[in-house]
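The values are calculated or read from the model by the stated rules, or taken from the named source; none is laboratory data. As the structure is a prediction and not an experimental result, all values here were calculated from the model. Every residue, glycine as well, gets a Cβ built from its backbone with ideal geometry; the counts of neighbours run over all protein chains shown. Quick note on the areas: whole protein, heavy atoms, side chains included, nothing else; ligands and nucleic acids left out. Shrake-Rupley method; radii C 1.70, N 1.55, O 1.52, S 1.80 Å.
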Amino acid sequence: MAQILKTSCSIGNLGKRSSLLRLQEDTTNWYLNMGNLLKVLTCTDLEQGPNFFLDFENAQPTESEKEIYNQVNVVLKDAEGILEDLQSYRGAGHEIREAIQHPNDEKLQEKAWGAVVPLVGKLKKFYEFSQRLEAGLRGLLGALTSTPYSPTQHLEREQALAKQFAEILHFTLRFDELKMTNPAIQNDFSYYRRTLSRMRINNVPAEGENEVNNELANRMSLFYAEATPMLKTLSDATTKFVSENKNLPIENTTDCLSTMASVCRVMLETPEYRSRFTNEETVSFCLRVMVGVIILYDHVHPVGAFAKTSKIDMKGCIKVLKDQPPNSVEGLLNALRYTTKHLNDETTSKQIKSMLQ
(Lines give C-alpha, C1' and ligand atoms only; values in the text may rest on other atoms or scores of the structure.)
Protein backbone atom coordinates (compact mmCIF):
# COMPACT_ATOMS: atom_id res chain seq x y z
CA MET A 1 0.00 0.00 0.00
CA ALA A 2 1.31 3.41 -0.92
CA GLN A 3 2.76 5.34 1.95
CA ILE A 4 2.73 9.10 2.19
CA LEU A 5 6.20 10.43 2.56
CA LYS A 6 6.21 13.60 4.60
CA THR A 7 9.26 15.73 4.04
CA SER A 8 10.34 19.20 2.96
CA CYS A 9 13.27 20.89 1.35
CA SER A 10 13.25 23.54 4.06
CA ILE A 11 12.94 21.45 7.25
CA GLY A 12 16.55 22.17 8.13
CA ASN A 13 17.18 21.73 11.82
CA LEU A 14 13.72 22.52 13.16
CA GLY A 15 13.63 21.40 16.72
CA LYS A 16 10.07 21.86 17.77
CA ARG A 17 7.76 18.93 17.13
CA SER A 18 4.70 21.17 16.61
CA SER A 19 6.45 23.22 13.92
CA LEU A 20 7.52 20.05 12.17
CA LEU A 21 3.99 18.65 12.22
CA ARG A 22 2.58 21.86 10.74
CA LEU A 23 5.23 21.83 8.05
CA GLN A 24 4.54 18.17 7.30
CA GLU A 25 0.83 18.83 6.97
CA ASP A 26 1.54 21.57 4.44
CA THR A 27 3.64 19.28 2.28
CA THR A 28 1.86 15.94 2.70
CA ASN A 29 0.33 15.89 -0.78
CA TRP A 30 3.61 16.75 -2.53
CA TYR A 31 5.18 13.36 -2.21
CA LEU A 32 3.43 10.07 -2.97
CA ASN A 33 5.21 6.77 -3.22
CA MET A 34 2.85 4.50 -5.19
CA GLY A 35 3.98 0.96 -5.99
CA ASN A 36 6.05 1.23 -9.16
CA LEU A 37 6.52 4.97 -8.77
CA LEU A 38 9.90 6.34 -7.80
CA LYS A 39 10.00 10.04 -7.20
CA VAL A 40 13.08 12.19 -6.80
CA LEU A 41 12.05 15.71 -6.10
CA THR A 42 14.49 18.18 -4.67
CA CYS A 43 14.18 21.90 -4.02
CA THR A 44 15.78 22.62 -7.39
CA ASP A 45 13.60 20.15 -9.24
CA LEU A 46 10.43 21.79 -8.01
CA GLU A 47 11.25 24.92 -9.97
CA GLN A 48 11.41 22.89 -13.18
CA GLY A 49 8.24 20.90 -12.56
CA PRO A 50 7.47 17.50 -11.06
CA ASN A 51 9.81 14.67 -11.94
CA PHE A 52 8.96 11.01 -11.42
CA PHE A 53 9.36 7.63 -13.05
CA LEU A 54 6.51 6.74 -15.37
CA ASP A 55 6.51 3.02 -16.10
CA PHE A 56 5.97 2.96 -19.87
CA GLU A 57 6.89 -0.73 -20.00
CA ASN A 58 4.68 -2.30 -17.33
CA ALA A 59 1.88 0.07 -16.29
CA GLN A 60 -1.45 -1.76 -15.89
CA PRO A 61 -4.88 -0.12 -15.58
CA THR A 62 -6.53 0.19 -12.18
CA GLU A 63 -10.26 -0.41 -11.86
CA SER A 64 -11.04 3.30 -12.28
CA GLU A 65 -8.95 3.50 -15.48
CA LYS A 66 -10.38 0.43 -17.21
CA GLU A 67 -13.31 2.02 -19.07
CA ILE A 68 -11.22 4.65 -20.90
CA TYR A 69 -8.27 2.26 -21.16
CA ASN A 70 -10.33 -0.41 -22.92
CA GLN A 71 -11.83 2.14 -25.34
CA VAL A 72 -8.40 3.46 -26.33
CA ASN A 73 -6.91 -0.03 -26.45
CA VAL A 74 -9.33 -1.00 -29.23
CA VAL A 75 -7.74 1.78 -31.33
CA LEU A 76 -4.12 1.19 -30.33
CA LYS A 77 -4.20 -2.53 -31.15
CA ASP A 78 -4.47 -1.56 -34.84
CA ALA A 79 -1.63 0.99 -34.72
CA GLU A 80 1.23 -1.39 -35.51
CA GLY A 81 -0.63 -2.81 -38.51
CA ILE A 82 -1.16 0.72 -39.85
CA LEU A 83 2.57 1.42 -39.56
CA GLU A 84 3.44 -1.85 -41.30
CA ASP A 85 1.05 -1.03 -44.17
CA LEU A 86 2.55 2.44 -44.49
CA GLN A 87 6.11 1.14 -44.37
CA SER A 88 5.37 -1.32 -47.18
CA TYR A 89 3.52 1.29 -49.29
CA ARG A 90 5.36 1.41 -52.62
CA GLY A 91 2.96 3.43 -54.77
CA ALA A 92 1.98 3.13 -58.41
CA GLY A 93 4.55 5.56 -59.81
CA HIS A 94 5.59 3.35 -62.73
CA GLU A 95 2.02 2.62 -63.89
CA ILE A 96 1.04 6.29 -63.54
CA ARG A 97 4.03 7.47 -65.59
CA GLU A 98 3.24 4.98 -68.35
CA ALA A 99 -0.40 6.07 -68.44
CA ILE A 100 0.50 9.77 -68.59
CA GLN A 101 3.10 9.23 -71.33
CA HIS A 102 0.63 7.21 -73.44
CA PRO A 103 -2.74 8.92 -72.88
CA ASN A 104 -4.43 7.09 -75.77
CA ASP A 105 -3.42 3.61 -74.69
CA GLU A 106 -6.52 2.28 -72.91
CA LYS A 107 -4.73 -0.76 -71.54
CA LEU A 108 -2.15 1.41 -69.77
CA GLN A 109 -4.91 3.67 -68.43
CA GLU A 110 -6.74 0.66 -67.03
CA LYS A 111 -3.53 -0.75 -65.59
CA ALA A 112 -2.73 2.51 -63.78
CA TRP A 113 -6.29 2.80 -62.46
CA GLY A 114 -6.23 -0.82 -61.33
CA ALA A 115 -2.97 -0.19 -59.46
CA VAL A 116 -4.12 3.06 -57.82
CA VAL A 117 -7.60 2.06 -56.57
CA PRO A 118 -6.42 -0.49 -53.94
CA LEU A 119 -3.72 1.96 -52.80
CA VAL A 120 -6.33 4.65 -52.27
CA GLY A 121 -8.22 2.08 -50.21
CA LYS A 122 -5.15 1.90 -47.96
CA LEU A 123 -4.92 5.70 -47.78
CA LYS A 124 -8.57 5.78 -46.77
CA LYS A 125 -7.81 3.29 -43.98
CA PHE A 126 -4.94 5.48 -42.72
CA TYR A 127 -7.17 8.57 -42.74
CA GLU A 128 -10.01 6.81 -40.92
CA PHE A 129 -7.53 5.58 -38.33
CA SER A 130 -6.49 9.20 -37.70
CA GLN A 131 -10.13 9.96 -36.81
CA ARG A 132 -10.24 7.03 -34.40
CA LEU A 133 -6.93 8.14 -32.88
CA GLU A 134 -8.31 11.65 -32.40
CA ALA A 135 -11.32 10.27 -30.52
CA GLY A 136 -9.00 8.19 -28.33
CA LEU A 137 -6.83 11.21 -27.54
CA ARG A 138 -9.84 13.30 -26.56
CA GLY A 139 -11.00 10.54 -24.20
CA LEU A 140 -7.58 10.41 -22.55
CA LEU A 141 -7.37 14.19 -22.24
CA GLY A 142 -10.76 14.20 -20.56
CA ALA A 143 -9.58 11.62 -18.02
CA LEU A 144 -6.12 13.11 -17.38
CA THR A 145 -7.28 16.70 -16.90
CA SER A 146 -10.46 16.21 -14.86
CA THR A 147 -10.98 17.54 -11.37
CA PRO A 148 -10.30 17.14 -8.47
CA TYR A 149 -6.77 15.92 -9.21
CA SER A 150 -4.00 17.98 -10.73
CA PRO A 151 -2.53 16.79 -14.06
CA THR A 152 0.59 15.63 -12.20
CA GLN A 153 -1.50 13.58 -9.77
CA HIS A 154 -3.41 12.09 -12.73
CA LEU A 155 -0.20 11.01 -14.47
CA GLU A 156 1.09 9.47 -11.23
CA ARG A 157 -2.15 7.73 -10.29
CA GLU A 158 -3.26 6.68 -13.78
CA GLN A 159 -0.04 5.44 -15.30
CA ALA A 160 -1.78 3.07 -17.73
CA LEU A 161 -3.69 6.00 -19.29
CA ALA A 162 -0.49 8.06 -19.35
CA LYS A 163 1.17 5.14 -21.15
CA GLN A 164 -1.62 5.06 -23.74
CA PHE A 165 -1.30 8.81 -24.25
CA ALA A 166 2.41 8.24 -24.82
CA GLU A 167 1.69 5.38 -27.25
CA ILE A 168 -0.57 7.65 -29.33
CA LEU A 169 2.21 10.25 -29.57
CA HIS A 170 4.81 7.58 -30.35
CA PHE A 171 2.66 6.19 -33.16
CA THR A 172 1.96 9.69 -34.48
CA LEU A 173 5.60 10.64 -34.88
CA ARG A 174 6.49 7.28 -36.44
CA PHE A 175 3.61 7.58 -38.91
CA ASP A 176 4.58 11.11 -39.92
CA GLU A 177 8.26 10.20 -40.31
CA LEU A 178 7.26 7.45 -42.76
CA LYS A 179 4.77 9.64 -44.60
CA MET A 180 7.27 12.50 -45.06
CA THR A 181 9.71 10.18 -46.83
CA ASN A 182 7.10 8.68 -49.20
CA PRO A 183 6.11 11.11 -51.98
CA ALA A 184 4.19 8.30 -53.72
CA ILE A 185 1.27 8.85 -51.33
CA GLN A 186 0.37 12.30 -52.62
CA ASN A 187 1.23 11.40 -56.23
CA ASP A 188 -1.08 8.38 -56.14
CA PHE A 189 -3.93 10.29 -54.56
CA SER A 190 -3.60 13.24 -56.96
CA TYR A 191 -3.69 10.87 -59.93
CA TYR A 192 -6.73 9.12 -58.48
CA ARG A 193 -8.64 12.40 -58.11
CA ARG A 194 -7.69 13.67 -61.57
CA THR A 195 -8.71 10.40 -63.20
CA LEU A 196 -11.96 10.23 -61.25
CA SER A 197 -12.84 13.77 -62.31
CA ARG A 198 -12.12 12.95 -65.96
CA MET A 199 -14.21 9.79 -65.77
CA ARG A 200 -17.16 11.74 -64.36
CA ILE A 201 -16.95 14.29 -67.18
CA ASN A 202 -17.01 11.45 -69.70
CA ASN A 203 -19.78 9.61 -67.82
CA VAL A 204 -17.58 6.59 -67.35
CA PRO A 205 -18.61 4.42 -64.36
CA ALA A 206 -15.76 4.50 -61.87
CA GLU A 207 -15.09 1.34 -59.94
CA GLY A 208 -13.84 2.44 -56.55
CA GLU A 209 -15.74 5.73 -56.41
CA ASN A 210 -18.00 4.27 -53.75
CA GLU A 211 -14.86 3.52 -51.77
CA VAL A 212 -13.84 7.19 -51.63
CA ASN A 213 -16.61 9.64 -52.53
CA ASN A 214 -15.94 13.27 -53.37
CA GLU A 215 -16.53 14.64 -49.87
CA LEU A 216 -14.22 12.08 -48.29
CA ALA A 217 -11.63 12.66 -51.04
CA ASN A 218 -11.61 16.38 -50.17
CA ARG A 219 -10.97 15.66 -46.50
CA MET A 220 -8.29 13.09 -47.32
CA SER A 221 -6.63 15.55 -49.68
CA LEU A 222 -6.34 18.13 -46.88
CA PHE A 223 -5.01 15.46 -44.53
CA TYR A 224 -2.26 14.24 -46.88
CA ALA A 225 -1.32 17.77 -47.93
CA GLU A 226 0.09 18.26 -44.42
CA ALA A 227 3.78 17.45 -43.93
CA THR A 228 2.88 15.76 -40.62
CA PRO A 229 -0.80 14.83 -40.94
CA MET A 230 -1.19 12.77 -37.75
CA LEU A 231 0.48 15.47 -35.64
CA LYS A 232 -1.80 18.09 -37.19
CA THR A 233 -4.81 15.90 -36.34
CA LEU A 234 -3.70 15.62 -32.69
CA SER A 235 -2.85 19.33 -32.42
CA ASP A 236 -6.27 20.28 -33.77
CA ALA A 237 -7.95 17.75 -31.48
CA THR A 238 -6.14 19.12 -28.40
CA THR A 239 -6.96 22.72 -29.33
CA LYS A 240 -10.58 21.73 -29.90
CA PHE A 241 -10.66 19.90 -26.56
CA VAL A 242 -9.54 23.06 -24.78
CA SER A 243 -12.02 25.31 -26.60
CA GLU A 244 -14.95 22.94 -26.01
CA ASN A 245 -14.22 22.53 -22.29
CA LYS A 246 -14.34 26.15 -21.21
CA ASN A 247 -15.13 25.16 -17.61
CA LEU A 248 -11.76 23.42 -17.50
CA PRO A 249 -8.77 25.78 -17.06
CA ILE A 250 -6.43 25.60 -20.06
CA GLU A 251 -3.63 25.00 -17.53
CA ASN A 252 -5.07 21.56 -16.81
CA THR A 253 -4.29 20.56 -20.38
CA THR A 254 -0.99 22.41 -20.82
CA ASP A 255 0.27 21.23 -17.41
CA CYS A 256 -0.52 17.64 -18.39
CA LEU A 257 1.62 18.10 -21.52
CA SER A 258 4.48 19.93 -19.79
CA THR A 259 4.58 17.35 -16.99
CA MET A 260 4.82 14.53 -19.53
CA ALA A 261 7.68 16.35 -21.28
CA SER A 262 9.47 16.81 -17.95
CA VAL A 263 8.98 13.17 -16.98
CA CYS A 264 10.43 11.94 -20.29
CA ARG A 265 13.39 14.32 -20.11
CA VAL A 266 14.29 13.33 -16.54
CA MET A 267 13.95 9.60 -17.23
CA LEU A 268 16.28 9.95 -20.21
CA GLU A 269 18.95 12.09 -18.53
CA THR A 270 18.98 10.32 -15.13
CA PRO A 271 21.10 7.13 -15.15
CA GLU A 272 19.20 5.52 -12.25
CA TYR A 273 15.92 5.95 -14.14
CA ARG A 274 17.32 4.93 -17.50
CA SER A 275 18.78 1.77 -15.97
CA ARG A 276 15.22 0.67 -15.11
CA PHE A 277 14.32 0.34 -18.82
CA THR A 278 14.41 -3.35 -19.73
CA ASN A 279 13.77 -2.74 -23.44
CA GLU A 280 16.19 -0.79 -25.63
CA GLU A 281 13.24 0.62 -27.61
CA THR A 282 12.00 2.48 -24.52
CA VAL A 283 14.64 5.18 -25.06
CA SER A 284 13.40 6.03 -28.57
CA PHE A 285 9.83 5.74 -27.26
CA CYS A 286 10.56 8.36 -24.56
CA LEU A 287 12.28 10.65 -27.06
CA ARG A 288 9.32 10.58 -29.45
CA VAL A 289 6.81 11.13 -26.65
CA MET A 290 8.83 14.07 -25.31
CA VAL A 291 8.90 15.74 -28.73
CA GLY A 292 5.22 14.97 -29.32
CA VAL A 293 4.02 16.65 -26.12
CA ILE A 294 6.29 19.65 -26.74
CA ILE A 295 4.65 20.16 -30.15
CA LEU A 296 1.15 19.78 -28.72
CA TYR A 297 1.98 22.19 -25.87
CA ASP A 298 3.38 24.69 -28.38
CA HIS A 299 0.16 24.59 -30.42
CA VAL A 300 -2.23 24.77 -27.46
CA HIS A 301 -0.49 27.17 -25.05
CA PRO A 302 -1.07 30.86 -25.90
CA VAL A 303 2.66 31.72 -25.84
CA GLY A 304 3.98 28.26 -26.72
CA ALA A 305 6.77 26.00 -25.51
CA PHE A 306 9.75 28.23 -26.32
CA ALA A 307 8.93 31.33 -24.27
CA LYS A 308 10.71 32.02 -20.98
CA THR A 309 7.43 31.49 -19.14
CA SER A 310 7.01 28.00 -20.62
CA LYS A 311 6.80 25.17 -18.10
CA ILE A 312 8.90 23.01 -20.41
CA ASP A 313 12.68 23.08 -20.04
CA MET A 314 13.33 23.40 -23.76
CA LYS A 315 17.12 23.70 -23.45
CA GLY A 316 17.17 20.51 -21.37
CA CYS A 317 14.93 18.67 -23.83
CA ILE A 318 16.99 19.70 -26.87
CA LYS A 319 20.19 18.72 -25.04
CA VAL A 320 18.76 15.25 -24.33
CA LEU A 321 17.98 14.87 -28.04
CA LYS A 322 21.44 16.03 -29.09
CA ASP A 323 23.07 13.61 -26.65
CA GLN A 324 21.67 10.68 -28.68
CA PRO A 325 23.33 9.20 -31.81
CA PRO A 326 22.69 11.88 -34.52
CA ASN A 327 21.05 9.59 -37.08
CA SER A 328 18.47 8.42 -34.55
CA VAL A 329 17.06 11.84 -33.67
CA GLU A 330 17.36 14.01 -36.80
CA GLY A 331 13.69 13.40 -37.61
CA LEU A 332 12.68 14.48 -34.10
CA LEU A 333 14.82 17.62 -34.26
CA ASN A 334 13.23 18.41 -37.63
CA ALA A 335 9.80 17.96 -36.05
CA LEU A 336 10.71 20.66 -33.50
CA ARG A 337 12.15 22.88 -36.24
CA TYR A 338 9.30 22.64 -38.72
CA THR A 339 6.08 21.55 -37.00
CA THR A 340 6.06 23.81 -33.95
CA LYS A 341 4.18 27.09 -33.96
CA HIS A 342 6.27 29.48 -31.85
CA LEU A 343 9.93 28.58 -32.50
CA ASN A 344 10.50 31.66 -34.65
CA ASP A 345 8.68 34.07 -32.34
CA GLU A 346 10.65 37.05 -31.05
CA THR A 347 10.16 35.73 -27.51
CA THR A 348 12.20 32.59 -28.30
CA SER A 349 15.75 32.98 -27.00
CA LYS A 350 18.62 33.08 -29.47
CA GLN A 351 20.23 30.19 -27.60
CA ILE A 352 17.28 27.87 -28.24
CA LYS A 353 17.12 28.91 -31.91
CA SER A 354 20.85 28.30 -32.19
CA MET A 355 20.54 24.85 -30.61
CA LEU A 356 18.01 23.85 -33.27
CA GLN A 357 19.93 25.24 -36.26
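Using the alpha carbon gyration tensor of the stretch 55-169, what are the three equivalent-ellipsoid semi-axes (square root of 5 times each eigenvalue), largest first, in whole Å? Walk me through the numbers before you get to the answer.
Details: eigenvalues 402, 28, 20 Å².
Semi-axes, largest first: 45, 12, 10 Å.
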With every protein chain kept in place and a 1.4 Å probe, the stretch 63-124 has an accessible area per residue in Å² of 60
In the neighbourhood of residue 76 defined by beta carbon distances under 12 Å, the net charge of the other residues (Lys, Arg +1; Asp, Glu -1) is 0
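Using the Cα centre of the stretch 249-356 as the reference point, and only Cβ charges (+1 on K/R, -1 on D/E), how large is the resulting charge dipole? Debye, rounded to the nearest 20. Provide the component values of the computation, followed by the final result.
On the way: 13 positive and 12 negative charges, 51 e Å.
That gives a dipole near 240 debye.
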Listed by chain and number, the lysines with an alpha carbon less than 23 angstrom from that of residue 308, same-chain partners under 8 positions apart left out, are 319, 322, 341, 350, 353
Carbon plus sulfur, as percent of the 1.4 Å-probe accessible area of the stretch 249-356, comes to 50
Computed over the stretch 252-331, protein heavy atoms only, probe 1.4 angstrom, the accessible area per residue in square angstrom equals 39
On the accessible surface of the stretch 51-227, probed at 1.4 Å with all protein chains in place, carbon and sulfur together account for a percent value of 48
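Give a quick list of trypsin sites (Lys or Arg not before Pro) in the stretch 166-256 that DSSP marks as loop, anything other than H, G, I, E or B, with at most 11 other Cβ atoms within 10 Å. Don't jump to the answer; show the numbers that get you there.
Numbers: sites: 174, 179, 193, 194, 198, 200, 219, 232, 240, 246; in loops: 246.
Sparse-neighbourhood loop trypsin sites (Lys or Arg not before Pro): 246.
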A chain fully extended from residue 149 to residue 239 at 0.36 nm per residue, minus the present Cα-Cα distance, gains in nm 30.3 nm
